[in-house]
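Below: one structure, written as structure tokens.
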Amino acid sequence: MSVFHKAGGASGLFVRAAHCTFRFIAAILLAVIKAVRFIAAELADMIKTAVGGLLWLWKELTESFRSRVKLSDELTRNIRKAKKEGRKEHITAIAEFIGSFFLGENGVVYTAFNYILPILCIAFLVGVVRFGSGLEYGIAVEYNGREIGIISAEADFETAARDVQQRVSYSDNEEALDMSAKLSLRVVSDDEKFITSGQLADKMLEASDEDLAEAFGIYIDGSFEGAVNNSKAVEDALEDRLLNYEVKGVARDVSYVNKIEYTKGIYLRNSIKSEQETIEQLTSAKERQRVYVAQAGDNIVTVAQKYGMDLDKLNELNPDIGTNLKDGQMINVIQTESYLPIQYIREMETLSFIDYETVEVETSALNVGVVATLTKGERGEKESKIEITFIDGIEASRKVISNNIKKNPVMEVIGYGTYSAMPDNPDTCYFGQPLVGTGEFGWPVDGGWVSDTFISDRNHKGLDIAAPEGTEIYAAAEGQVVSAGWNSGGYGNVVMIEHPDGYATVYGHMISVYAVEGEYVQKGQLIGFVGNTGNSFGDHCHFEVRYQGICYDPASFLNTQSMTEEKKQRDKEKN
């Protein structure tokens, strides 16, 4: 009975879930239907409104025509009726029809006037706009009560006013010249011409009470420096100064730093100077003391040459300067500054060094705890073509045009040893003493101890390292596996590796070989396992070091001194 009860409960739960799902779907459908009905109703209202507007517009446009048709029908009926009444009444009705048709309230003339008048107004407006756009407008300048010219922009007046202020700065009149003027926009006729800001300045001065004369104004970077009667003499003198200027090396684009302009116009008479006086002023120079910050490679001779100073003068300004200068040292110098400084450009080729980067890598080529330079870093060389701008003979700026790498830098690689294979007790690995050989080869067994030395009492060609069967054997250095497998000459399972430096190492009596003949292995890579195969008495690895077929004592190439310190540190951390 409880089983049926459970079944009924599950069935009821299923029915309720289906009922909820149906209600949820029905609610979604009802929401969609309501949304569609709402959108349809809104569209219907919009269409209804649009149709109503079009009908109203059509009614308004055709109202006059319909009234005209209705009136015509009524007058036509009156004519027919009057014809029956008599000739006089008939003629009167016809005249009334004609007058109403053409001159009545809804007649042809009235209707045409209502439609044609707006068109005529629009055409008139377009004509006025086209006529106005074809006119030329200018700004009339009224100064001291009279019009003195027409300019194209208000900025011209501002420029002219500044120019006038500069010109009258030489005036002895303590009262400043009135710069106020009335500007108004008006149409410019064909016989009127626009004037420039310079011409406007002349006219403003002519309208003043100052003592004026026609001359050539000299402007340096837009600033008025004075006027001369003959500008050609000044121009020739400045040009000769450029042609005779002494430059360092081969230079180009010798020119004045400042922009020099000569403007003919009206100037105060007391601002006009002689050509010779003006030339002396523009070609003058003065000395100014300043501080120079020494750079790498500077010395007192190069600094003195840079500023064209005598060494005695430089030492006088800097009593404690010394011969060698430090980078960043401040030095007092005398710099000659011209009234009109001259600049020129020199192209030079320079050779600079590119610093190398240093990276640190972990490598099994070194024992744990050993740090050594694997690749020595070398600086690169870069040849640059540069443009140096000199002002009055002193370098002002430089710009790199092109770079050419002559020699790429060599990255310096610092190796941190990760090779951790070592004897069970590095302190007593070789008859009570650590191995202190070159360290060129790593300890080849994961543990073990020296059970027999090189030569010993039986012309032993290698070093026997005893260890339990199955202990891992590693490549003592990187190289090519030239032999891997069984050797019938007494080595049993053996691996032989030839190294890039001409040495070869041999690992004998393995229980099994892991390396594959022909593969290239790295230092610390697994090559086999300790065993007792071949001419062997007990589990051990027979390790040989050969050079050009001659066997050498492996102890001379192993070093466990650094391993000892590393092992002590690791044992300390474990405890």
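The values are calculated or read from the model by the stated rules, or taken from the named source; none is laboratory data. These numbers were taken from a predicted model, which means no experiment stands behind them. Every residue, glycine among them, receives a Cβ derived from its backbone with ideal geometry; neighbour counts consider all protein chains shown. Note: accessible area is taken over every heavy atom of the protein model, side chains too, but ligands, DNA and RNA are not part of it. Shrake-Rupley method; radii C 1.70, N 1.55, O 1.52, S 1.80 Å.
What are the residues in segment 288-303 that are in contact (Cβ under 8 Å) with a residue 40 or more places away in the chain and in contact with a helix residue (DSSP H, G or I) (Cβ under 8 Å, 6 or more places away or on another chain), if any? Residues satisfying the conditions are Gln289, Tyr292. Looking only at segment 541-558, residues that are at pLDDT 95 or above and among the β-branched types (Val, Ile, Thr) come to 1 in all. All conditions in (1) surrounded by 11 or more Cβ atoms within 10 Å (Cβ to Cβ); (2) touching an Asp or Glu at 6+ places or on another chain (Cβ under 7 Å) hold for Asn318, with the sole exception of (2).
Residue under question is Arg252, and the condition is that it be basic (Lys, Arg), in contact (Cβ under 8 Å) with a residue 60 or more places away in the chain and within 23 Å of Met348 (Cβ to Cβ); does it hold? Yes: the conditions hold for Arg252.
Checked against (1) open to solvent by 40 Å² or more (accessible area, probe 1.4 Å); (2) part of a strand (DSSP E or B); (3) under 28 Å from Ile401 (Cα atoms); (4) of a type in the set (Ser, Thr, Tyr), Tyr344 passes all but condition (1).
Let's see how each residue does on (1) at pLDDT 80 or above; (2) in a helix (DSSP H, G or I):
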residue	(1), (2)
Gln289	yes, no
Gln295	no, no
Asp312	yes, yes
Glu337	yes, no
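If you go through segment 436-447 and keep only what is open to solvent by 10 Å² or more (accessible area, probe 1.4 Å) and either at pLDDT 95 or above or part of a strand (DSSP E or B) (or both), you end up with just Val436.
Looking only at segment 520-540, decide whether some residue is modelled with pLDDT of 95 or more, among the hydroxyl-bearing types (Ser, Thr, Tyr), assigned to a strand (DSSP E or B) and surrounded by fewer than 23 Cβ atoms within 10 Å (Cβ to Cβ). Yes; the residues of segment 520-540 include at least one that is modelled with pLDDT of 95 or more, among the hydroxyl-bearing types (Ser, Thr, Tyr), assigned to a strand (DSSP E or B) and surrounded by fewer than 23 Cβ atoms within 10 Å (Cβ to Cβ).
Scan segment 257-278 for residues that are of a type in the set (A, V, I, L, M) and within 10 Å of Val228 (Cα to Cα) and jot them down. Residue satisfying the conditions is Ile272 alone.
Within segment 215-262, the set of residues being modelled with pLDDT of 90 or more and hydroxyl-bearing (Ser, Thr, Tyr) comprises Tyr219, Ser231, Ser255, Tyr256, Tyr262.
Number of residues in segment 448-492 that are open to solvent by 60 Å² or more (accessible area, probe 1.4 Å), at pLDDT 95 or above, outside any strand (DSSP E or B) and polar (S, T, N, Q): the value is 0. Helices (runs of 4 or more DSSP H) fully within segment 178-285 that include at least 1 residues being of a type in the set (Asp, Glu), open to solvent by less than 40 Å² (accessible area, probe 1.4 Å) and farther than 26 Å from Thr336 by Cβ: 197-206.
Is at least one residue of segment 479-500 out of contact with any Gly (no Cβ under 6 Å at 6 or more places or on another chain), touching a residue at least 12 places away in the same chain (Cβ under 8 Å) and of a type in the set (Asp, Glu)? Scanning segment 479-500, I find no residue that is out of contact with any Gly (no Cβ under 6 Å at 6 or more places or on another chain), touching a residue at least 12 places away in the same chain (Cβ under 8 Å) and of a type in the set (Asp, Glu), so the answer is no.
Conditions (1) of a type in the set (Ser, Thr, Tyr); (2) modelled with pLDDT of 85 or more; (3) more than 60 Å from the chain's Cα centre (by Cα); (4) not in a helix (DSSP H, G or I), marked per residue:
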{"position": "His5", "(1), (2), (3), (4)": "no, no, yes, no"}
{"position": "Gly8", "(1), (2), (3), (4)": "no, no, yes, no"}
{"position": "Phe14", "(1), (2), (3), (4)": "no, no, yes, no"}
{"position": "Ala18", "(1), (2), (3), (4)": "no, no, yes, no"}
{"position": "Thr21", "(1), (2), (3), (4)": "yes, no, no, no"}
{"position": "Phe24", "(1), (2), (3), (4)": "no, no, no, no"}
{"position": "Ala27", "(1), (2), (3), (4)": "no, no, no, no"}
{"position": "Ala41", "(1), (2), (3), (4)": "no, no, no, no"}
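Ala285 falls short of the stated requirement of being on the phi < 0 side of the Ramachandran plot and modelled with pLDDT under 80.
Going through (1) in a helix (DSSP H, G or I); (2) at pLDDT below 65; (3) within 30 Å of Thr76 (Cβ to Cβ); (4) open to solvent by 60 Å² or more (accessible area, probe 1.4 Å) one by one, Phe131 falls short only on (3). All of Glu412, Glu387 fail the test of being farther than 30 Å from Ile345 by Cβ, among the charged types (D, E, K, R) and open to solvent by less than 60 Å² (accessible area, probe 1.4 Å), apart from Glu412.
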